[in-house]
Amino acid sequence: MPDPAGHFGPFGGRYVAETLMSALIELEKAYRAAWRDRAFHRELDGLLENYAGRPTPLYFAERLTKKAGGARIHIKREDLAHTGSHKINNTLGQGLLARRMGKRRVIAETGAGQHGVATATVCARMGIPCEIYMGEEDVRRQSHNVFRMRLLGARVNPVTSGSRTLKDAMNEALRDWVTNVRTTYYLIGSTAGPHPYPEMVRDFQSVIGREALRQFRKAEGKLPTAVVACVGGGSNAMGIFTSFLRYPRVRLYGVEAGGLGLSSGKHGATLSRGKVGVLHGSKSFLLQDSDGQILEAHSISAGLDYPGVGPEHAWLKETGRAKYHSVTDAQALAGFSLLSRYEGIQPALESSHAVAFAYRLAKTMRPSETVLVNLSGRGDKDMGILMEMQEGARDGD
Amino acid sequence: MTAIDAAFRRLRSSGEKGLVVYLTAGDPTPAASLRYLRAAADAGADLIEVGVPFSDPTADGPMIEAASRRALSSGMNVAGALELVRSFRGTHATPIVLFGYYNPFYRYGWPFLCEDAREAGVDGFLVVDLPFEERGEVLPAIRKAGLDWIPLAAPTSGMERVLAVDREGSGFLYLISVTGVTGVRKALPPEVAAWTRKVAKATRLPVAVGFGISSPAMAAAATRFADAAVVGSACVKIVERNGRGPRGPAELSRFVRSLKKALR
C-alpha cells in the first residue's frame, strides 16, 4: 500500500498543477467512500459478471507447453473480456465513480485504443458524453479502434504534438482536465498519473489476480512458480501481480517493450533503461535525456509505447519483488505467431510480449513448475499492423 | 530581505502595481533571448520569470508550448538558463524567477541547482507541477540558498490551501486567474476580481495574478485588488513573430512599456 500521500517508497505522489490538486483530493475521497460502500461493489460486481463477462477463464496451454518442453503454461484470458482487453475492469469501476461524483463529462487518453474503447463503451452504458485523446500516430496505427470509439458515440481528438503517441495524448488530456476540471472526470487507464490513480486503477484491476489465484489453485492445486505480464504503464501487470505479492515464492515478471533492441535506443523499456524522474503527475522511472527532457519511446505495440511506467512497478523493481525484462518487436511478433499457431489464440501485440517471454522462461524450467501468463488483450485491433508487416516483409524479398 | 521582497516593497511605497514578464529561456536562441530579457527589463518589467523549457509542458497552452520547442531545439537546458541569467545579471538588477517543470530541475539535482542558481543571480523558483504537498525535498534546498519559493494558488484551491501555501512560500503568491492552461485570452471571467480580492485580503504575501492577461487594460483590471500582473503568452507571441529579427526586442519593449503605463 502507498503512504497517505500516494508514495510507493520514493515513487508516486502528486506532481500536478495546483489547479488539479483539489480535484485529486475530491477524487480520492470519493474513491475511498465508494470502495467502502457495499452497494457500489454490488453494482460493480454485477457489471463485471453480466456485462464484462467475468470471471475470464484460466486456460491451460497444452500444445504451447509441449512445444516449450518445460514448465506448464497457463493463460489468464483477459482477451475474452468485453471490448477485448482487461481495460474494461477499470473503466467500469471509474465510470461508476464518475457517475457517483455527478460528473457530466468523461475524458481519457489512449495508446492502443483499448482503453479508449473501454471508456467509450462504459460511457455509452452510463449515458455520459466522452472525449478520447489519442496521438495521431496511434490513430493511424489503430484505426480499427478509432472507428469503434466513434461508433460508440465518443469523440476522438487526434493529438499532433510531440511524438504523437500515448505520452502526448496524456499531455493533452491533462490540459483539457485543468481547463474543465469542475465538470469533467479524467478516466486514466493505467496505473500511472498522480495519486490516487495508480492505487485506484490497480484496485479495479486486481480482480484479475484474485480470479487467477483461485482458478490456478483449482487447476494445479498449488501456486504458480512464475507470473508474467507485459508492462507499459502497468495496469494489467499490477492487476495480476497484486494477489501474488504476499507469496514471496511466486516469481513476478514484468515484460517491457524492447522495440528495435535496447542498444538501438528505440524501445519502451522504462524500468530496464530509464532514470527516476517526474512525468504526468508521479515520480517513477522515465526515458529521458541528461537534461531531464522526456524521450520518445518506441514499440510495435501502441499500448507499450510510453516513456513512463506506474510508480508501484518502480517500487517493485527497487525492492526486487518483481523482475523486469524486455522483448523486442520481432520477438513479440514471434510470440503472436506462436500462440496463433499452437493454441488458436491471437493476442494483442502488447500481450504478445508477455507470451514471448513466458515461452522463453518456460523452456528453462522443469515440467513440475508452472507459468501463469496474463493475456491482457486480443489481437483483432492489430490486424492492420500485422498486414503491413507481412507486406513489408514481402516487399523486402 | 530578498530582491523580490524589495521590489514589492518599493512598488507598494510608490503606489504602483507590478509587472511580471514571462519569457522562455533560449527562445528562439540563447543570444536573442538575452536581448528580449534586457528589452523587457529596460522597458520597466519589475520582475522577470525565465522559463526553463520542458518537452511535456502540460500546464501550458500552444503559445508557450511552441516557445519551449523552439528553445529546446536551440539546445536550451537548465545550465543554459542559468548561463542566460548570469549574462543578464552583468547589466541588470531586475529580480529573476526561474520558472519551470519539476523534471529538468530534479535531473540537475536540487541542492546543486539552488547553489548554482543563486550564484548565477536567480532570486526565486516557481515550479508549476510541484504542489505544496511535495515541497519536502525541494524547499529546504531553496531556503538554504536564500532563494524564494513562489507558491501557486488556483481558482479551485479553496481558502484553506491558499493560506497553507501563503505560510510556506515567500516572495509573492502567484494567483492563477482561471482554470486552464497558459495562453492569451480576450477577457478574464468576472469572478476573478472577487476571488483576487478575497485572496489578497487574507494572505501575507504580495499577490501577482497570471494566466490569460494580454493587454494593458486587462493588466490594470487584474491588479485592482492584487499587487502585480503576470504577462507571459502575449510577450512570447512577440518573440514568436519576430524571432531573431532586429525589430523584436523593440516591439517587446513597446508592449512592456504600454503594460507598465497601465499599472502606474
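Quick notes on this structure:
- Candidates A:Ile88, A:Ile128: the one that is β-branched (Val, Ile, Thr), more than 14 Å from chain B (Cβ to nearest Cβ) and more than 14 Å from the chain's Cα centre (by Cα) is A:Ile128.
- Any hit, segment A:366-380, residues being open to solvent by 10 Å² or more (accessible area, probe 1.4 Å) and at pLDDT below 95: yes
- Qualifying residue in segment A:184-195 (condition: polar (S, T, N, Q), modelled with pLDDT of 95 or more and surrounded by 24 or more Cβ atoms within 10 Å (Cβ to Cβ)): yes
- Failed criterion for A:Arg150 (all others in (1) free of Cβ contacts under 8 Å to residues at least 24 places away in the same chain; (2) basic (Lys, Arg); (3) within 12 Å of another protein chain (Cβ to nearest Cβ) hold): (3)
- Set side by side, the residues A:Glu172, A:Glu199 differ, and just one is of a type in the set (Asp, Glu) and either within 12 Å of chain B (Cβ to nearest Cβ) or open to solvent by 10 Å² or more (accessible area, probe 1.4 Å) (or both), which is A:Glu172.
- Only a single item in (1) in contact (Cβ under 8 Å) with a residue 40 or more places away in the chain; (2) basic (Lys, Arg); (3) farther than 25 Å from A:Val146 by Cβ is not met by A:Arg105, and it is number (3).
- Scope segment A:224-271; condition assigned to a helix (DSSP H, G or I) and free of Cβ contacts under 8 Å to residues at least 40 places away in the same chain; matching residues: A:Ser243, A:Phe244, A:Ser263, A:Ser264, A:Thr270
- For segment A:272-287, a tally of residues being within 19 Å of A:Leu262 (Cβ to Cβ), assigned to a strand (DSSP E or B) and more than 7 Å from every other protein chain (Cβ to nearest Cβ) returns 5.
- Here the condition is being of a type in the set (Lys, Arg) and in a helix (DSSP H, G or I); of A:Arg366, A:Arg360, it holds for A:Arg360 alone.
- Of the set (1) more than 14 Å from every other protein chain (Cβ to nearest Cβ); (2) open to solvent by less than 20 Å² (accessible area, probe 1.4 Å); (3) in a loop (DSSP other than H, G, I, E, B); (4) in contact (Cβ under 8 Å) with a residue 40 or more places away in the chain, all apply to B:Ala219 but (3).
Per-residue answers, yes or no, for (1) part of a loop (DSSP other than H, G, I, E, B); (2) within 18 Å of the chain's Cα centre (by Cα); (3) in contact (Cβ under 8 Å) with a residue 60 or more places away in the chain; (4) within 11 Å of chain A (Cβ to nearest Cβ):
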position: B:Asp129; (1), (2), (3), (4): yes, yes, yes, yes
position: B:Pro140; (1), (2), (3), (4): no, no, no, no
position: B:Val178; (1), (2), (3), (4): yes, yes, no, yes
position: B:Lys186; (1), (2), (3), (4): yes, no, no, no
position: B:Trp195; (1), (2), (3), (4): no, no, no, no
position: B:Lys198; (1), (2), (3), (4): no, no, no, no
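- Any strands (runs of 3 or more DSSP E) falling wholly within segment A:59-150 and containing at least 2 residues that are closer than 21 Å to A:Val231 by Cβ and in contact with a Leu (Cβ under 6 Å, 6 or more places away or on another chain): A:72-77
- With respect to the conditions (1) more than 19 Å from the chain's Cα centre (by Cα); (2) buried (at least 18 other Cβ atoms within 10 Å of the Cβ); (3) modelled with pLDDT under 95; (4) not aliphatic (A, V, I, L, M), A:Gln114 falls short on a single one, namely (1).
- Residue among A:Ala330, A:Ala314, A:Ala348 that is open to solvent by less than 30 Å² (accessible area, probe 1.4 Å), closer than 29 Å to A:Arg148 by Cβ, at pLDDT 95 or above and of a type in the set (A, V, I, L, M, F, W, C): A:Ala348
- Positions within segment A:292-324 being among the acidic types (Asp, Glu) and away from every other protein chain (no Cβ under 14 Å), in sequence order: A:Asp305, A:Glu312, A:Glu318
- Within segment B:1-95, helices (runs of 4 or more DSSP H) holding 1 or more residues that are more than 14 Å from chain A (Cβ to nearest Cβ) and of a type outside the set (Gly, Ala, Ser): B:3-14, B:30-42, B:78-89
- Residue within segment A:47-57 that is free of Cβ contacts under 8 Å to residues at least 24 places away in the same chain, of a type outside the set (A, V, I, L, M, F, W, C) and away from chain B (no Cβ under 14 Å) present: yes
- Failed criterion for A:Ile25 (all others in (1) within 14 Å of chain B (Cβ to nearest Cβ); (2) β-branched (Val, Ile, Thr); (3) part of a helix (DSSP H, G or I); (4) crowded, with 22+ Cβ neighbours inside 10 Å hold): (4)
- Filtered residue count, segment A:1-22, keeping only those that are modelled with pLDDT of 95 or more, more than 12 Å from chain B (Cβ to nearest Cβ) and open to solvent by 50 Å² or more (accessible area, probe 1.4 Å): 0
- Of the candidates B:Ala193, B:Ala208, B:Ala221, the single residue that is among the aliphatic types (A, V, I, L, M) and touching a Lys or Arg at 6+ places or on another chain (Cβ under 9 Å) is B:Ala193.
- Among residues of segment A:131-168, those that are touching a strand residue (DSSP E or B) at 6+ places or on another chain (Cβ under 7 Å), more than 13 Å from A:Ala120 (Cβ to Cβ) and surrounded by fewer than 19 Cβ atoms within 10 Å (Cβ to Cβ), counted: 2
- Condition met for B:Asp123 (open to solvent by 10 Å² or more (accessible area, probe 1.4 Å), within 11 Å of chain A (Cβ to nearest Cβ), within 15 Å of the chain's Cα centre (by Cα) and not hydrophobic (A, V, I, L, M, F, W, C)): no
- Single unsatisfied condition, B:Glu133 versus (1) within 14 Å of chain A (Cβ to nearest Cβ); (2) of a type outside the set (Lys, Arg); (3) touching a residue at least 24 places away in the same chain (Cβ under 8 Å): (3)
The values are calculated or read from the model by the stated rules, or taken from the named source; none is laboratory data. The structure presented is a predicted model; accordingly, all values stated were derived computationally and were not measured. Counting neighbours? That spans all protein chains shown, and the Cβs are built from the backbone with ideal geometry, glycine included. All accessible areas refer to the heavy atoms of the entire protein, side chains included, with ligands and DNA or RNA removed. Shrake-Rupley method; radii C 1.70, N 1.55, O 1.52, S 1.80 Å.
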